[in-house]
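Reviewing the structure listed below.
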Amino acid sequence: MSEPRINDRIRVPEVRLVGPNGEQVGIVRVEDALRLAAEADLDLVEVAPMAKPPVAKLMDFGKFKYEAAMKAREARKNQVNTVIKEIKLRPKIDPHDYGTKKGHVERFLKGGDKVKVTIMFRGREQSRPELGFRLLQRLAEDVIELGTVESAPKQDGRNMVMVLAPTKKKSEAKAEQRRARSAAATEGAADAPVDAPVDAPVEGADAPVEEQQSPETAQ
């Protein structure tokens, strides 16, 4: 988007002028609007060029551009791209593997990501789609506190697919993770051991005592 016309670049006979605090000044000649801008040490900025007459506002254009850039930067920073993770299961998965896969799903959902769960059928398993359906239902119930079923289980060729969506937005999940890391760092600093002060040695306490000779030995 091109920048708006400002000051001498505004080539219209008159404008609907808006003051720096948003007050409506009215329709004035562009020369008068430029004079008011110069007196206030501000810029005359055309904010609605298609209006009849165009709307112009008195403002600090440099400050306006800076604030707009900062807002755009903050918006990009908070923008979160949706990521879909995928987990693949077999219809007759053993309990240990199921627990591992479920842990991955929980971790993805906690991180604010969607999860595509795929049941892979092989050979005769293709004639038993109910096995995959029940497994997907079980998984959805096991993670119900973290995610909801966005796309119900459906057959896709030899596979059956279900999509889970996190209950929390990714931005919220990331904010919670940052808070948790900050709290953990603070707690770790508070629990750090403090070196005990070393007692200073008492002067002469450990000094060797000279053996005194008796008069007989000295002779």
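Just a few scattered comments:
- Among strands (runs of 3 or more DSSP E) entirely within region 105-168, having at least 2 residues that are touching a residue at least 40 places away in the same chain (Cβ under 8 Å) singles out 114-120, 159-166.
- Candidate set from region 106-136 (those that are surrounded by fewer than 19 Cβ atoms within 10 Å (Cβ to Cβ) and among the basic types (K, R)); member that is farthest from A152 (Cα to Cα): R124
- Conditions (1) at pLDDT 90 or above; (2) touching a helix residue (DSSP H, G or I) at 6+ places or on another chain (Cβ under 6 Å); (3) not charged (D, E, K, R): number failed by P49: (2)
The values are calculated or read from the model by the stated rules, or taken from the named source; none is laboratory data. What you see is a predicted model; the values in this text were computed from it and never measured. Positions of Cβ are backbone-derived with ideal geometry, glycine not excepted, and every protein chain shown enters the neighbour counts.
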